[in-house]
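Visitor: Mind having a look at this structure? Questions to follow.
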Amino acid sequence: MARATRIGTVALSLIALQIGPIGNLRAQAPGTAGHEHLTEVACVDVPPGEKRPEFGCFNIGAVTGLHFSQPSVYWHLRAFPSRKAAEAVKSATGIVVEEDGRVWLSEFGPRNITPRGGDAIAVVGPLHLPAAKGYAAVLSYAVMRPGDNSRVHTHPGPEGWYVLAGTQCLETPAGARRAGAGGTMTVRSNTPMELNVTGTTLRRAFALVIHDSAQERGTPSDWKPSGACSQ
């Protein structure tokens, strides 16, 4: 009787392994560097009080009700010694966040603006704006490993990146583009894309989408990448 019980337990364990968490299987694929590759990653909100996963893309700041008099804007990224210092000079539409052990201020406007303290890190753009009655800006922070990639998607507005560490490759119908630590990248609105983490080190980066506030930040796309980033 005891032997039969052990056999039944093993059988149930095998069944559990076979059915598994289907959602996780679809979201991940076997890796070649000692980890499970994250696939079809989308930037998500993390509810207050909930622990953020170690890897992924996370929305960390947003501002709505934006209006611009020019057809394109630039994203100005500056670093400050403290949150108090950044908040003291932030405009009504600026975004202050704390990541990577530093305090960051994002402001949007013309290429040449008068700096108000802090260290200039990057000017990303131009970000060409679609026609809209108003805009929203969403700032995201991603930590991804070599071999990870985003879902294939589009945004109803331009997107810009600043790479803190590692390398990334963005494939669109126009081909593949790459950026490494300290580099920037932009893409126009409504462009199908897939972002891939290349190289051999962890990729950490900020991403900013300025979009028509009447639409969702991003949506999946049926466009099929050619795999140019792996070539």
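Visitor: For VAL44 and ALA181 in the same chain, what is the full-extension length gain: residue separation times 0.36 nm, less their Cα-Cα distance, in nm?
Guide: Full extension from VAL44 to ALA181 adds 47.0 nm.
Visitor: Setting aside same-chain residues fewer than 8 positions from LYS90, which aspartates and glutamates have a Cα under 16 Å from its Cα?
Guide: Partners found: GLU98, GLU107, ASP119.
Visitor: Let me ask something else. Once R0 is set to 35 Å, what does the formula 1/(1 + (r/R0)^6) return for the Cβ-Cβ distance between ALA120 and ARG188, expressed as a FRET efficiency to the nearest 0.05?
Guide: 0.90
Visitor: Excluding same-chain residues fewer than 8 positions from LYS51, which lysines have a Cα within less than 27 Å of its Cα?
Guide: Here the lysines satisfying the reach criterion relative to LYS51 are LYS84.
Visitor: If each residue of separation counts as 0.36 nm, what is the full-extension length gain between GLU36 and GLN70 once their alpha-carbon separation is subtracted?
Guide: So the chain would gain 7.8 nm between GLU36 and GLN70.
Visitor: Another question, if that's okay. Taking 0.36 nm per intervening residue step and subtracting the Cα-Cα distance, what contour gain separates LYS84 from PHE58 on full extension?
Guide: Stretched out fully, the LYS84 to PHE58 stretch lengthens by 7.0 nm.
Visitor: Give the calculated FRET efficiency between ALA174 and ALA92 to the nearest 0.05, with a Förster radius of 41 Å applied to their Cβ-Cβ distance.
Guide: So the FRET efficiency works out to roughly 0.70.
Visitor: If you don't mind, there's one more thing I want to ask. At a probe size of 1.4 Å, how large is the accessible area of ILE121, to the nearest 10 Å²?
Guide: 50
Visitor: Any chance you could look up the accessible area of GLU87 with a 1.4 Å probe, heavy atoms only, rounded to 10 Å²?
Guide: Surface accessible to solvent at GLU87 totals approximately 80 Å².
Visitor: Heads up, I need the accessible area for PHE80: 1.4 angstrom probe, whole protein in place, Å², nearest 10.
Guide: For PHE80, the solvent-accessible surface is approximately 20 Å².
Visitor: Next question. What FRET efficiency would be calculated for the residue pair GLU99, TRP223, taking the C-beta separation as r and a Förster radius of 30 Å, to the nearest 0.05?
Guide: Step by step, r from the Cβ atoms, then E = 0.50.
Visitor: Next question, about the same structure. How many Å² of accessible area per residue for region 50-202, probe 1.4 Å?
Guide: 45
Visitor: Continuing with this model, one more query. Run through region 28-108 and list the trypsin sites (Lys or Arg not before Pro) located in a DSSP loop whose Cβ has at most 12 other Cβ atoms within 10 Å.
Guide: Here the sparse-neighbourhood loop sites are LYS51.
The values are calculated or read from the model by the stated rules, or taken from the named source; none is laboratory data. Note that the structure is a prediction, hence the values are computed from the model and not measured. No Cβ is skipped: glycine too gets one built from the backbone with ideal geometry, and neighbour counts run over all protein chains shown. All accessible areas refer to the heavy atoms of the entire protein, side chains included, with ligands and DNA or RNA removed. Shrake-Rupley method; radii C 1.70, N 1.55, O 1.52, S 1.80 Å.
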